[in-house]
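Beneath this line is the structure, given in structure tokens, with notes to follow.
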Amino acid sequence: MFTTEDIVKLRKRTNAGMMDCKKALTECNGDIDKASEWLREKGIAAAAKKADRIAAEGLVYSYIHMGGKIGVLVEVNCETDFVARSEQFVELCKNIALHIAAARPEYVNVADVPADVVEHEKEILRVQAINEGKKPEIVEKMIEGRVKKFYKDIVLMEQDYVKDPEMTITQLVNDAILTIGEKINIRRFVRFEMGEGLEKRKDNFAEEVMSQTAKN
């Protein structure tokens, strides 16, 4: 039904343990894509089970983009100092910091977005929909869908992971929870961009950050 190579391939894609990958492939009749989704769903379940645990250890990880153009500090929490010092956890922190540098999120979670910011965006979207000639009865449904897109633009946990757009940052963290076995939480971050707020040439920082990462 599936081979050892399939298990290894799934492990590389999801970072899940070998036995978890084998179980996922068994549950999904050897379909790697479905098995990947199955593991992500289990990751969500694992995260939910650990939600009430205390995660007061972790790292404040710093990332400086080559040339000093962008700087990121991100606090990622876990349950034990042992995990905080592990290679897997440090790599997760590094990838989250790199993503923040490239994707420019403004908030960690949807709940962090101020209500007045959301309402202001909804009003803009409402006017746009009306100007497009949309019927009033479908305007609110359109707004709901467009607000989700708005969240993906500004909320870290909703964004597609820059190194693998097939997963979100939430899924990246949940996969790490499944692999590491502890509660993991992105608590806060700050992103600095050289000359931010000053008039300057437009750059595609997402592409630049990823290109520099590839070189390294």
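Consider V139 carefully, then state whether it is farther than 16 Å from I186 by Cβ, at pLDDT 85 or above, in a helix (DSSP H, G or I) and out of contact with any strand residue (DSSP E or B) (no Cβ under 9 Å at 6 or more places or on another chain).
Answer is no for this residue.
When the residues of region 189-215 are narrowed to those that are at pLDDT 90 or above and surrounded by 15 or more Cβ atoms within 10 Å (Cβ to Cβ), which ends up nearest to G58 (Cα to Cα)?
Selected residue: F189.
Which ones in region 16-31 are under 21 Å from L172 (Cβ atoms), in contact (Cβ under 8 Å) with a residue 12 or more places away in the chain and surrounded by fewer than 18 Cβ atoms within 10 Å (Cβ to Cβ)?
Passing the criteria: only G17.
Just checking, how many residues over region 46-97 are hydroxyl-bearing (S, T, Y), under 16 Å from R187 (Cα atoms) and crowded, with 20+ Cβ neighbours inside 10 Å?
Of the residues in region 46-97, 1 are hydroxyl-bearing (S, T, Y), under 16 Å from R187 (Cα atoms) and crowded, with 20+ Cβ neighbours inside 10 Å.
How about region 101-139: which of its residues are among the charged types (D, E, K, R) and loosely packed, with under 12 Cβ neighbours inside 10 Å?
Selection gives D116, E119, E123, E132, K135, E137.
Would you confirm whether any residue within region 172-182 is in contact with a Cys (Cβ under 7 Å, 6 or more places away or on another chain) and either at pLDDT 80 or above or assigned by TED's automatic domain parsing to the domain that holds V72 (or both)?
Yes.
Just checking, does region 155-173 include any residue being closer than 22 Å to M194 by Cα, touching a Pro at 6+ places or on another chain (Cβ under 8 Å) and not in a loop (DSSP other than H, G, I, E, B)?
Among the residues of region 155-173, at least one is closer than 22 Å to M194 by Cα, touching a Pro at 6+ places or on another chain (Cβ under 8 Å) and not in a loop (DSSP other than H, G, I, E, B), which makes the answer yes.
Please give the helices (runs of 4 or more DSSP H) falling wholly within region 1-98 in which 3 or more residues are of a type in the set (A, V, I, L, M) and under 19 Å from the mean Cα position of the chain (by Cα).
Of the helices (runs of 4 or more DSSP H) lying wholly inside region 1-98, those with at least 3 residues that are of a type in the set (A, V, I, L, M) and under 19 Å from the mean Cα position of the chain (by Cα) span 32-49.
The values are calculated or read from the model by the stated rules, or taken from the named source; none is laboratory data. On a predicted model such as this, the values are computed, not experimentally measured, just so you know. Heads up, the Cβs are rebuilt from the backbone with ideal geometry, glycines too, and the neighbour counts pull from every protein chain shown.
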